[in-house]
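Everything on this sheet refers to the single structure shown next.
The values are calculated or read from the model by the stated rules, or taken from the named source; none is laboratory data. What you see is a predicted model; the values in this text were computed from it and never measured. Cβ: placed from backbone, ideal geometry, glycine included. Neighbour counts: every protein chain shown.
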Amino acid sequence: MIDLGRLWGRRNNAAAGPDAFGYAVVGLGRIAEHFLRGIQDSPFVRATALVSGDSGKAAKLAKQYGVPFTCGYADFESLREREDVQAVYLALPVSMHREFTERAARIGKHVFVEKPMASDAAECRAMVDVCRSAGVLLSVAYRCPFDPMHQRLQSLIAEGALGHVESIESSFGFKLAADDWRWNNDLAGGGSAYDVGVYPLNAARFLMRAEPEITSAAATVSPAGMESSIAWTMRFPNGAEARCSSSYLQELPNVLRVRGSAGELTLDPAYTHRVRLPLRGWITDPVSGKRVEINDIAPSSTPSHFRLEAEHLAECARVGEPVITSGEDGLQDMELIEQMYATAGVSRQAVPR
């Protein structure tokens, strides 16, 4: 289990000092701004550089967040000389993840890459290999393993509070605007499974601490040949079945429900970073045999997911430990997505728009 206390319980929120672990934020879209806001109050990490193809936006955000250095993509290697940059946060289109992971590893910077990790499993393997060879950490920005309620749910499952886990149900979807860049396969790498389906996929693996096999999948494909919604089932070694779905065509419940022989627990919502997540349901007391109601919520003092995951990488770099949300973890998810697509008959190459 991730020690949340070690990550954020050591001192009160305060602005990061000059010796804090520095991130260069590469790509300045919406998720990058969430990251910049999320780590603002961290005493352990800070943004020390911005890398973008839009110099005007970089200058504006640098002023807003007190970031001392900006540069364009072509000058990325100039980060080599900056002692205040220990890692890069890659908030780029998926198609650019491998290139900038390799460039970062070559200049000795740890890599924190947004999900999905890459366009396909082959790229994921190359990213893992280059970071291992360079001696730098590679972490995928899966937020939810750092949320206290996802942690609580995993602990209850591991302790046997639900008895034998029988099923997991989870979904995440929304209606994607027609002009959104994520419809462009050259940039996004894949469809809804890549962007939002990876949340139920990774959460099920995290909770069960085991690797599943894909048993069925069915998808809707856009006229351009891109997966726009998908539903799939997975079976875990203990026999538990996970039924999951994602979509760019409609709102789907943002929910994660686990049923066992001795209880049922639900996170609803399950995957947002905008509110504290509630865990509700019931378990069976192993001594009395009585039903025990669960109605938990993350403490109000819990830092943002973005801060927790950024601090985790910084702590692992400091003490020489492996990260929880590793490149190998991202690779496993991509291999499963490829299996889902193959089972559903989704082509790996979309027709150009």
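Some observations on this one:
- Condition met for ASP186 (more than 30 Å from VAL292 (Cα to Cα), assigned by TED's automatic domain parsing to the domain that holds ASP268, among the charged types (D, E, K, R) and in contact (Cβ under 8 Å) with a residue 60 or more places away in the chain): yes
- On inspection, SER78 does not qualify as crowded, with 21+ Cβ neighbours inside 10 Å, in contact with a strand residue (DSSP E or B) (Cβ under 9 Å, 6 or more places away or on another chain) and farther than 24 Å from GLU328 by Cα.
- Hits in the stretch 113-141 (condition: in a loop (DSSP other than H, G, I, E, B) and without any contact (Cβ under 8 Å) to a residue 60 or more places away in the chain): GLY135, VAL136
- One residue alone among PHE100, PHE172 is over 30 Å from LEU267 (Cβ atoms) and aromatic (Phe, Trp, Tyr), and that residue is PHE100.
- One residue alone among MET334, MET340 is surrounded by 14 or more Cβ atoms within 10 Å (Cβ to Cβ), part of a helix (DSSP H, G or I) and in contact with an Asp or Glu (Cβ under 7 Å, 6 or more places away or on another chain), and that residue is MET334.
- Residue in the stretch 179-194 that is of a type in the set (Phe, Trp, Tyr) and more than 14 Å from the chain's Cα centre (by Cα) present: yes
For (1) surrounded by fewer than 17 Cβ atoms within 10 Å (Cβ to Cβ); (2) in a loop (DSSP other than H, G, I, E, B), each residue gets a yes or a no:
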| residue | (1), (2) |
| --- | --- |
| ILE294 | no, no |
| SER300 | yes, yes |
| PRO303 | no, yes |
| GLU309 | no, no |
| ARG318 | yes, no |
| GLU321 | yes, yes |
| ASP329 | no, no |
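- ASP75, sole failed condition from (1) free of Cβ contacts under 8 Å to residues at least 60 places away in the same chain; (2) assigned to a loop (DSSP other than H, G, I, E, B); (3) of a type outside the set (Gly, Ala, Ser): (2)
- Flag set for GLY289, criterion: free of Cβ contacts under 8 Å to residues at least 60 places away in the same chain, outside the structural domain of GLU33 (by TED's automatic domain parsing) and of a type in the set (Gly, Ala, Ser).
- Qualifying residue in the stretch 251-259 (condition: out of contact with any helix residue (DSSP H, G or I) (no Cβ under 8 Å at 6 or more places or on another chain), acidic (Asp, Glu) and either within 29 Å of LEU176 (Cα to Cα) or part of a loop (DSSP other than H, G, I, E, B) (or both)): yes
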